[in-house]
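Structure first, commentary second.
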Amino acid sequence: MCRVLGVSTSGYDAWCDRAPSAHALADAVLTQRIRAVHADSHDTYGMPRVRAELIDQGAVVSRKRVARLMRSHGIRGISRRRGFKVATRRSSNGTRAPDLVQRKFEADGANQLWVADMTYVPTWAGFIYRLSCSTRGAGAWWAGPSARRWPPNWCSVP
């Protein structure tokens, strides 16, 4: 193996017998402290908060070092900003809801065909719900914290 790697056998033997470096030992100690802070936060803290806790405990540590150690040991915080939540889940058997209008969205008269769509628009103060329910495609805005007041009393078509 030494011949394939291009190193001497005595150098390989010395490398195997060598004790860990001071930096490697300091990383091991810091990793244990990171694990303790992370566990105390119920596994929610990410790098910035873990680093802030370590600094409060008196450690002098950079953000890159904490991030490197957390990444290499699989320690991750919880972030609600990443990704998205799926509000609608498909059924386990994979069947779709029946298409009662056969994709023909035209009606001959009033109250024969109703089409509805609800869209959640995020704002700084919460969500605005946009509900379109009509036979002619007219829609309206309804703002509220939840759908407990469903259906709104204005959902009618002239």
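The values are calculated or read from the model by the stated rules, or taken from the named source; none is laboratory data. Everything numeric in this text was worked out from a predicted model, so none of it was measured. Positions of Cβ are generated from backbone atoms using ideal geometry, with glycine treated the same way; all protein chains shown enter the neighbour counts.
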Condition met for ASP27 (under 28 Å from ARG71 (Cβ atoms), among the acidic types (Asp, Glu) and assigned to a helix (DSSP H, G or I)): yes
Residues (basic (Lys, Arg) and either loosely packed, with under 12 Cβ neighbours inside 10 Å or in contact with a strand residue (DSSP E or B) (Cβ under 6 Å, 6 or more places away or on another chain) (or both)) located in the range 1-52: ARG3, ARG18
Residue among ALA143, ALA59 that alone is closer than 30 Å to LEU25 by Cβ, among the hydrophobic types (A, V, I, L, M, F, W, C) and at pLDDT below 95: ALA59
